[in-house]
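What follows is one structure encoded as structure tokens, with my remarks underneath.
The values are calculated or read from the model by the stated rules, or taken from the named source; none is laboratory data. The model shown is predicted, which means the values in this text are computed figures rather than measured ones. For neighbour counting, all protein chains shown are included, and Cβ atoms are generated from backbone atoms with ideal geometry for every residue, glycine included.
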Amino acid sequence: MAQIIPFLGALIIFLSLFLVESKQTNIPCKSAEDCPKPIYPRYVLCSYGFCRIFFP
């Protein structure tokens, strides 16, 4: 029983590493070059015809 709580804490920390926030813009694009240049530490991709900004 005493080992469950540290295990759950470690599991929460491990899973939080994979959470990434993203924001879809109204900027149309056909490739990533059509999107505005990202400001560190952001990543910009063209997804479904619109620029998408990822915040790690």
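Here residue 46 meets the list (1) of a type outside the set (Lys, Arg); (2) exposed (fewer than 13 other Cβ atoms within 10 Å of the Cβ); (3) modelled with pLDDT of 85 or more almost entirely, failing just condition (2). Within the set 41, 6, the sole residue that is surrounded by fewer than 13 Cβ atoms within 10 Å (Cβ to Cβ) and modelled with pLDDT of 80 or more turns out to be 6.
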